[in-house]
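Please read the structure below before turning to the comments.
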Amino acid sequence: MSQEQYIYAVARIRSKELALLDKSVFEQLLSCKDYKECLRILAEKGWGTSADETAEEILLSEREKTWTLMRELVEDMSVFDTFLYEIDFHNLKAAIKQVYTSHEFDNIYLNNGIIEVETIYDAIKNHDFSELPEYMQKSAEEAYDIQMHTGDGQLCDVILDKATLDTIYKKGKETGNSLFSEYAELRVVIADINIAIRGAKTGKGLEFYEKALAECDSLDIKQLTEAALTGVEEIYEYLKTTVYADAVEVIEESPSSFERWCDNLIIKHIQPQKYNPVSISPLAAYILARENEIKSVRILLSGKLNNLSESVIRERLRDMYV
Amino acid sequence: MDNYGIVFALAGAILAALLSGIGSAKGVGMGGEAAAGVITEDPSKFGKVLILQLLPGTQGIYGLLIAFITLSQIGVLGGKSDMSLAVGLLYFGACMPMAFVGYYSAVKQARASVASIAVVAKKPDQFGKAMIFSAMVETYAILALLISVLAIVGIGSLNI
């Protein structure tokens, strides 16, 4: 698709970026006396659609606003598929669990995926995986069989999580767009580091790493597996030899610091899109910036709701795109 | 073969207007798209983005000017249009700076304008600086215009 097709969209996104919450707004929110005052400030900034919404409803409506804007700006929404595979695989996981337990659960599915939730649910319920896209069929069948025959929910999740990462990586690289490609790489790297650390801490065996770790360019999965089998310290030593050496310090600090570092890394990679006047990349960067903003607001609101101190909330907040 | 002089001269005039016009149409179109994007969110910026949109439009006017001068010089608009092949080729060559530089500078200026419109969208007070980036590209269109005008006018006084 010609880059010039996105000139209008990028110009609109530049105006929209003015409404993104910056550091000063987060400072204002942090200094609020309580949770309700935070909601009031967010409402003043145009967050939410009505005055009587709960925090979760506000965050959901903000997410919906982003996707509504994208649907308005982009004719073929498949350009954003790299961001949406995760939603589909989550819904697939939820559908398998729902069919397995034969129970109706509320709010277990996510909106704005590529495939309709009903399609995924029907495919699982009718055991007809041909209704699913090709990249999902094999892993869906495997995960379904394991869940149904062994009841091993964890293994079912491991298979689908790896399938998610493999799909994001493969499709992200196939786009030929540097932002999607970098995003796919980082998503896989972050997940692999997490899997290796958790696996090493819980003493997982080789079979687990073979099933869970996904291939990527900037990490050697074989070396990471060997390190994870030896112990956490070995993982740190291996990471120090990669471009992710900075991660070691934050992983040692705490899991939440590492999560923050991961989100900040993605934001750091998309920052140059603020100066890109054409192509789909600034739109994709805006989506990630909004997701990051919503995540930070969620952290802040739950911190305020649980009366956490300002410093505790502050150290969990993500870097902003603007 | 001697009669082909006028054919080349006319072709040069047409190409100057044609390529510069295409470049400007493309450029103003790109600028317009970006401007419309900004106006959708903030209509108060109309005046500023309109100026940036119009900047790549000047090449089309320069091309028209070159075509007009050439047509007058070669007698298409009235007068005698007999000329040798050599003179015709000279007119053709004289029109080329405007034709090519006009096209490319309009397209490149449009890219700069689109980027400048993005600057205005976020920082309207920086409009002056943003406009300069785009206006810098104009220099080369003006240089091409100047050389084409000098060449076209000069050909008449050559003793060929």
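Can you tell me which of A:257-267, A:178-188 comes out highest on packing, and rank the rest after it, using the mean Cβ neighbours within 10 Å? Spell out each step's value before the answer.
On the way: A:257-267: 18.5, A:178-188: 20.6.
Ranking the peptides A:257-267, A:178-188 by packing returns A:178-188, A:257-267.
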If you take the C-alpha gyration tensor of region B:4-154, multiply each eigenvalue by 5 and take the square root, what semi-axes do you get, largest first, in whole Å?
-> 37, 12, 10
A:Lys93 accessible area, 1.4 Å probe, all protein chains in place, Å² to nearest 10 | 50
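Given a 1.4 Å probe and heavy atoms of the protein chains only, how would you sort A:Leu160, A:Leu73, largest accessible area at the top? Could you put the intermediate results ahead of the total?
On the way: A:Leu160 0, A:Leu73 25 Å².
Largest accessible area first, the residues go A:Leu73, A:Leu160.
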Calculate the length of the line joining the C-alpha centroid of region A:109-142 to that of region A:40-108, in whole Å.
-> 18
Counting only protein heavy atoms and leaving out ligands, DNA and RNA, the solvent-accessible surface of A:His149 at a 1.4 Å probe, in Å² to the nearest 10, equals 150
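For region A:99-195, state the semi-axes of the equivalent ellipsoid (square roots of 5 times the eigenvalues of the alpha-carbon gyration tensor), sorted largest first and rounded to whole angstrom. Show your work: numbers first, answer last.
Values: eigenvalues 133, 52, 33 Å².
Sorted largest first and rounded, they come to 26, 16, 13 Å.
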Step through the table entries A:Lys173/B:Lys48; A:Lys45/A:Lys162; A:Lys268/B:Lys45; A:Lys33/A:Lys295, compare each Cα-Cα distance with 32 Å, and write down the pairs that go over it.
-> A:Lys173/B:Lys48; A:Lys45/A:Lys162
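For the protein assembly as shown, what does the convex hull of the Cα positions come to per residue, in cubic angstrom? Please report the intermediate quantities before stating the final value.
Details: hull volume 99.9 nm³, N = 482.
Value for the protein assembly as shown: 207 Å³ per residue.
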How big is the charge dipole of the protein assembly as shown about its Cα centre, in debye rounded to the nearest 20, if each Lys and Arg gets +1 on its Cβ and each Asp and Glu gets -1 on its Cβ?
-> 2360
Probe 1.4 Å, all protein chains in place: accessible area of A:Thr175 in Å², nearest 10?
-> 60
Take the alpha-carbon centre of region A:268-307, take the same for region A:215-255, and report the distance between them in whole Å.
-> 26
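Using only alpha-carbon positions, what ratio does the radius of gyration of region A:119-278 give when scaled by 2.2 N^0.38 Å? Mind showing how you got there, number by number?
Details: Rg = 17.4 Å, N = 160, 2.2 N^0.38 = 15.1 Å.
Normalised by 2.2 N^0.38 Å, the Cα Rg of region A:119-278 equals 1.15.
The values are calculated or read from the model by the stated rules, or taken from the named source; none is laboratory data. Since we're looking at a predicted model, the values are computed, not measured. Reconstructed Cβ throughout: ideal geometry from the backbone, glycine too, with neighbour counts over all protein chains shown. Heavy atoms of the whole protein, side chains included, go into the accessibility calculation; ligands, DNA and RNA do not. Shrake-Rupley method; radii C 1.70, N 1.55, O 1.52, S 1.80 Å.
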